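For reference, the structure is listed below as structure tokens.
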Number of protein chains: 2
Amino acid sequence: MAHIPAAERRDALVQAALRVVAEGGVGAATTRAIAAEAGMPLASFHYVFDSRDDLMAHLVTFVVGQEEAAILPEPIVGSDLQEVISAGLWRYADLLRADPLREQAMLELTHYALRSADMADLARRQYEHYFSLAASALTSAATHLGLVWDRPVDEVARILVALTDGMTISWLVDRDDAALSDIISFAAESVARFARTPERAHRDEDDVTRTT
Amino acid sequence: MAHIPAAERRDALVQAALRVVAEGGVGAATTRAIAAEAGMPLASFHYVFDSRDDLMAHLVTFVVGQEEAAILPEPIVGSDLQEVISAGLWRYADLLRADPLREQAMLELTHYALRSADMADLARRQYEHYFSLAASALTSAATHLGLVWDRPVDEVARILVALTDGMTISWLVDRDDAALSDIISFAAESVARFARTPERAHRDEDDVTRTT
DNA sequence: GTCTATAAAATGATAGAC
DNA sequence: GTCTATCATTTTATAGAC
């Protein structure tokens, strides 16, 4: 058959692997299934990847970049912080509802990565990336509205990511759109309370930042 | 060897399977690995279970009951609702830190169940069970303190479960105890705001009780 | 470089001796 | 009822023809 650059084959196989994982879970991602999904003979798989684990590591790395591209097409603007956060969460929620299997695959890949000594670090980086994305969105939103965060923005970002993961699992399990809406409302309202106008000096009447 | 009642073998295999999943993930839960962990020959596996899927279904059912026993040993009392919720979440967090692989296994089993047409319903029941446990804890806490929930307690329970799942994943990924503490503080404070004293008549300025 | 054919290992499931 | 030995399939990985 035609000659295809190795880099191109690698990309095609990684993307095929994501589709296979989305369709049938990590367990369904056999070398044969992936090669077939990519329309290649099995041997092409091992020509560009050392092993199945090699590809899986590349897959985890790949999906992190994908998530960024999907979630941050452009910054959200609005006049109310709660509204802005809500809109951002809804954008993710729409993504989730449009392609549930993909988000399910993302979570499964995180768990898969955590099981391997080598890939566990990839999972950590994946989440650091999420935190960073959330923090940057929160910072930009607050700045735009002339607000400052009451707590370190990294901390607020973490909470937002946790809420997102939680609502994702919840919705994946029962597909309850009303409940999804409830969680988004709660998250937006609760997280927005961490921002204040900078005019008002920071009160440290309740310094509950750390109880460890 | 000695005769062992079938029911006993089934229990032993299910518990062995949970240990294997905790140790190496769902992918590591082969029939051989499970039988070996239970100290039985492979044939005993198929003597009491029709197939691997048969056991996995029983495993998912089993872990739901386990989670209940672990989380609800006795109701938590206190003088402040936020404190009570925080204490409840800390009890779960301690469980998580004491046996991280077990909670990781729980999440993986949920994803595994969602992949199978038959078991997807088990996952739904699993979460309905979680919601119900959370709702009952929230009701009892509020009642104890003479408070009523501003929103349907089922809705608040869902949010609490989502927060729990989110903080679990977050901690499993980076094992950051300080971040865990932050999320618990946030959750307790934010969720507690949904409760009010019943003396004050229910205002229906924002009647958002049900959007189903 | 590409692909068919096959080796090597792992896995689900069972037969049949005891 | 229990367990060893084995089958049948699947899967990872590679050899070797083109």
### Task
Go through the stretch B:26-40 and give me each residue that's of a type outside the set (A, V, I, L, M, F, W, C) and more than 10 Å from DNA strand C (Cβ to nearest atom).
B:Glu37, B:Gly39
### Message
Take the residues in the stretch B:82-91 that are within 13 Å of B:Ser181 (Cβ to Cβ) and not aliphatic (A, V, I, L, M); name whichever of them is surrounded by the most Cβ atoms within 10 Å (Cβ to Cβ).
### Response
B:Ser86
### Task
Restrict the check to the stretch B:115-130 and report whether at least one residue is closer than 30 Å to B:Glu199 by Cα and open to solvent by less than 20 Å² (accessible area, probe 1.4 Å).
no
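Which of the residues that make up the stretch A:117-128 are facing another protein chain (nearest Cβ under 9 Å) and of a type outside the set (D, E, K, R)? Quick ask: steps written out before the conclusion?
Restricting attention to the stretch A:117-128, the residues satisfying the condition of being facing another protein chain (nearest Cβ under 9 Å) are A:120, A:123-124, A:126-128.
Answer for the stretch A:117-128, where residues must be facing another protein chain (nearest Cβ under 9 Å) and of a type outside the set (D, E, K, R): A:Ala120, A:Ala123, A:Gln126, A:Tyr127.
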### Message
For B:Ser44, only one of the following conditions fails: (1) more than 14 Å from chain A (Cβ to nearest Cβ); (2) within 17 Å of the chain's Cα centre (by Cα). What is its number?
### Response
(2)
### Task
Considering only the stretch A:14-47, state which residues are closer than 17 Å to A:Met106 by Cα, more than 11 Å from DNA strand D (Cβ to nearest atom), of a type in the set (A, V, I, L, M, F, W, C) and in contact (Cβ under 8 Å) with a residue 24 or more places away in the chain.
A:Val14, A:Leu18, A:Val21, A:Ala22
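Between B:Asp94, B:Asp50, which is at pLDDT 95 or above, part of a loop (DSSP other than H, G, I, E, B) and surrounded by fewer than 15 Cβ atoms within 10 Å (Cβ to Cβ)?
On the way: B:Asp94 fails: part of a loop (DSSP other than H, G, I, E, B).
Of the residues listed, the single one that is at pLDDT 95 or above, part of a loop (DSSP other than H, G, I, E, B) and surrounded by fewer than 15 Cβ atoms within 10 Å (Cβ to Cβ) is B:Asp50.
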### Query
Can you pull out the residues in the stretch B:1-13 that are crowded, with 17+ Cβ neighbours inside 10 Å and either near DNA strand D (Cβ under 8 Å from one of its atoms) or of a type in the set (Gly, Ala, Ser) (or both)?
B:Arg9, B:Ala12
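The values are calculated or read from the model by the stated rules, or taken from the named source; none is laboratory data. Treat the numbers as computed from the prediction; the structure is a model and nothing was measured. Heads up, the Cβs are rebuilt from the backbone with ideal geometry, glycines too, and the neighbour counts pull from every protein chain shown. Just so you know, the surface numbers come from the protein's heavy atoms only, side chains and all, with ligands and any DNA or RNA stripped out. Shrake-Rupley method; radii C 1.70, N 1.55, O 1.52, S 1.80 Å.
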